[in-house]
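Below you'll find the structure, written out as structure tokens, and then a few comments.
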Amino acid sequence: MRKGTAKTRPDGAALTYREKLRRLREILFANVVMAGEIPSPTGGERRLTRFLSDRFTECGLANVSLDHAGNIAGMLPGRVGERTLLVSAHIDKIWSETDDHTVSVGAGIMSGRGLADNSLGVAVLATLPLILEELEIDLASNLLLLGTTRSFGRGDLAGMRFFLGNVSHPIDAALCLEGIELGRLSYSSLGMARGEILVRAGSGEVENPDETGCGVATILAELVVALRHIHERESPTSRILVGSIEAGSGYSVPPRSGMVRFEIRSHEADHVARIGDEIARTVATASGRDGLTASLEMIAHRSPGDLGTNHPLVRHARGTLALLGIESHVAPSVSELALLLDRGIPSLTLGLTKGENRHSPSEAISLEPIFDGLAQIVSVLQFMDEGKLS
Amino acid sequence: MPDLDQRISRWLETNTFHHSEFWDMQELVRAKREAGLTISLCIPTLNEEKTIGKEIIVFKSELMDRYPLIDEIAVIDSGSSDRTLEIAASFGADTYLSSEILPQYGSKSGKGENLWKAIHQLRGDIICYVDADIKNIHAKFASALVAPLIYRPEIQYVKAFYDRPLAVSDDMRPSGGGRVTEILVRPLFSMFFPELTALIQPLSGEYAVRREVLERLPFPIGYGVETAHLVDLYQSSGLDAFAQTDLDNRIHRNQPTSDLGKMAFGILQGFMKRLRDYGMVKELPEFHGLFRQFQAEGQRYEQVTREIFEEERPPMITLPEYRERHGR
């Protein structure tokens, strides 16, 4: 499917890429619309996987296949083929199957659930073979394109985890695509652990949890305050983020069960474990009071990792962003990048465009900056292809 | 009646398709080339800025860039006050103001006017009309309508229809049109043109037609254009000139009941005119052109009237400008 011969990347090539890639505008935007309108909740990604599979097949990728974790992969064989580069995008969204996934296209903007996280990433993955063809770029390395499943919440990066545990090709470098925010440059990962504290009323025979009029709400509030105290003590090295509190369903019935979901983040791996132990003790102490039981389940872990500011890949990515006139924002990641770095694979996560209202029904992405995002991706891929990564 | 039932059943078997039958786009493009056909896609618009961009992107990407099935995508606009034309043009559609096409014949208000002028403006041997208000747009909304015309030379006119699964029982699912279809058009067809009842959604705004058919049809400029087409082509060519394709689902904005009344009034005008023209009824009185509705405010009832006159444009082939432009 590819024509042309290998080209040495000229200085400033990314600037010309940006203009040339506008020729693929409708194809790319149509892929965003189609990827955006297919529901793909964590664990229910099958339809979006099928879409990517069709696109990979149409582009003539080799070995288009679905693995046991539901990931979809395809290979663009390299001119030499001694090395393998990975480009991945997670294909699950935070939205449920029944949410309205209609995409609206306006002048310079597209809006709809999940466009920024991560329909645009999926669309760019689907279009990448055509992008390289349009630019007549014939990589020496194999290019492995991967749509990963089950990245959010309890999914705990199961797709990428399975892939890395079973991939037959050693991966020499990797790039993770995220819809927003253009300029994002992630080359490190934080140590992270996620937990769920579940509080339940007992049988009611010993004490009545409804007597206070608050049910489990009181103890939930006390646990949140305890998390906050730990957060204030450990900041800024470590942080505790409370992501959700659930309890009750109306106005007059005290809740008999409730849950707090939280995430511990730290630059230090041992801090994550130490804070996790402290929270476990706090929960154990609370359990049994007022006829209530409290339990803690840790559902996800990441190890901290860092490519380093002076890594050639990081320097090149930063230089490309500067060339394109984009301010870079260094942001540690807790997503797929963490698993890649943990395996010693030089990897980056890059954003593709500007956007707003992430994770809201009116999530929106700007269309024009996407071409900057594509130019940066191609430039970084070419640098990876040169193999000067040590 | 057994003969009629058999004819309808046979037609449903041979001329009713599901879009999935035309999944092989490469084969469709090859067949189109082999047949030497050109295809134009026409989207009539009036203030459709919320949906037009997505339609253009999807059609251009899938049916021009990936698979060269469509030769031109044109938006024919009635004078939108929003950014419909700007957005359509920015994504690569050809955009036209209806009033600037054949201006010597004046400009009339109505969707049928845009469809009629498109015949003059566009170049395709087949014209596929697609409404601009579809939220779940997909390439099949055009490809699965032109496909029967490409594969079956005897078919002249292909209508879209959509499943509306209101209830499911004993493996039977009701298939039906919209509200105006079920309470007006289907009863009228049952009485006067029973074979046309086989068309599941006669008022669907998505259909593909050969130029040599379109250019010979008169065009009501308003609501009656689709019904008039069906009756006129049926009278000249019979049911076998038609086909229909199931496109599964269509999500669009719902019209208020008061607007449906206006639509029904316009359709009735065109339909009654045809009954008279074809000699199927005698001595119809002059029609009143004022549609009357009422709104209540407390105990007071106010009359709301609107003049609806289904003016008709003549067959395009009768215009010398058209014959010259298209070598007819």
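Taking 4 °C and 1.567 mPa s as the conditions, I'd like the Stokes-Einstein D for segment B:31-126 in µm²/s, using the Kirkwood hydrodynamic radius from alpha carbon pairs. Walk me through the intermediate numbers first.
Values: Rh = 13.8 Å.
Roughly 94 µm²/s, to the nearest whole number.
Where does each of B:SER237, A:SER186 land when they are ranked from fewest to most other beta-carbon atoms within 10 angstrom?
Working: B:SER237 14, A:SER186 25.
Listed from fewest to most nearby Cβ atoms, that is B:SER237, A:SER186.
Enter the mean projected area of the convex hull around the alpha-carbon atoms of the protein assembly as shown, in nm², rounded to one decimal. Mind showing how you got there, number by number?
Values: hull surface 165.3 nm².
With the hull built on Cα positions only, its mean projection is 41.3 nm².
Between segment B:34-108 and segment A:159-176, what's the alpha-carbon centroid distance in Å?
Rounded to whole Å, the Cα centres lie 45 Å apart.
Mind computing the radius of gyration and Dmax over the alpha-carbon atoms of segment A:191-302? Å is fine for both.
Here Rg and the maximum Cα pair distance are 14.7, 46 Å.
For segment B:2-326, take the convex hull of the Cα atoms, compute a quarter of its surface area, and give me that in nm², please. Can you show the working numbers first?
Numbers: hull surface 77.8 nm².
With the hull built on Cα positions only, its mean projection is 19.4 nm².
Angle check, please: helix A:269-286 long axis (alpha carbons) against the longest principal axis of chain A (alpha carbons), in degrees 0 to 90, nearest 10.
In chain A, helix A:269-286 runs at an angle near 30 degrees to the longest axis.
Which value results for Rg/Rh of chain A when Rg is the Cα radius of gyration and Rh the Kirkwood radius based on the inverse mean 1/r? The partial results should precede the final answer.
On the way: Rg = 22.9 Å, Rh = 22.3 Å.
Using only Cα positions, Rg/Rh for chain A is 1.03.
Which of the peptides A:170-177, A:346-353 is most tightly packed, and how do the rest follow, judged by the mean count of other Cβ atoms within 10 Å per residue?
Per-residue mean Cβ counts within 10 Å order the peptides as A:346-353, A:170-177.
Taking chain A as the reference, fit the longest principal axis to its C-alpha atoms, fit the long axis of helix A:120-134 to the helix C-alpha atoms, and give the angle between the two in degrees, 0 to 90, nearest 10.
The answer is roughly 10 degrees.
So which GluC sites (Glu not before Pro) in segment A:229-338 end up in coil per DSSP with only 12 or fewer other C-beta atoms within 10 Å? Spell out each step's value before the answer.
On the way: sites: A:GLU232, A:GLU234, A:GLU246, A:GLU263, A:GLU268, A:GLU278, A:GLU297, A:GLU327, A:GLU336; in loops: A:GLU268, A:GLU327.
For GluC sites (Glu not before Pro) across segment A:229-338 that sit outside H, G, I, E and B with at most 12 neighbouring Cβ atoms in 10 Å, the list reads A:GLU327.
Assuming a viscosity of 0.692 mPa s and a temperature of 37 °C, what translational diffusion coefficient in µm² per second does Stokes-Einstein assign to segment A:266-350, Rh being the Kirkwood radius over Cα pairs?
On the way: Rh = 16.0 Å.
D, rounded to a whole number, is 205 µm²/s.
Once you charge only the Cβ atoms, +1 for Lys and Arg and -1 for Asp and Glu, what is the size of the charge dipole of the protein assembly as shown about its Cα centre, to the nearest 20 debye?
Values: 78 positive and 97 negative charges, 191 e Å.
The calculated dipole for the protein assembly as shown is roughly 920 debye.
Bear in mind these aren't lab numbers, they're just calculated from the coordinates by the rules spelled out. Given the structure is predicted, the values throughout are model-derived calculations rather than measurements. Positions of Cβ are generated from backbone atoms using ideal geometry, with glycine treated the same way; all protein chains shown enter the neighbour counts.
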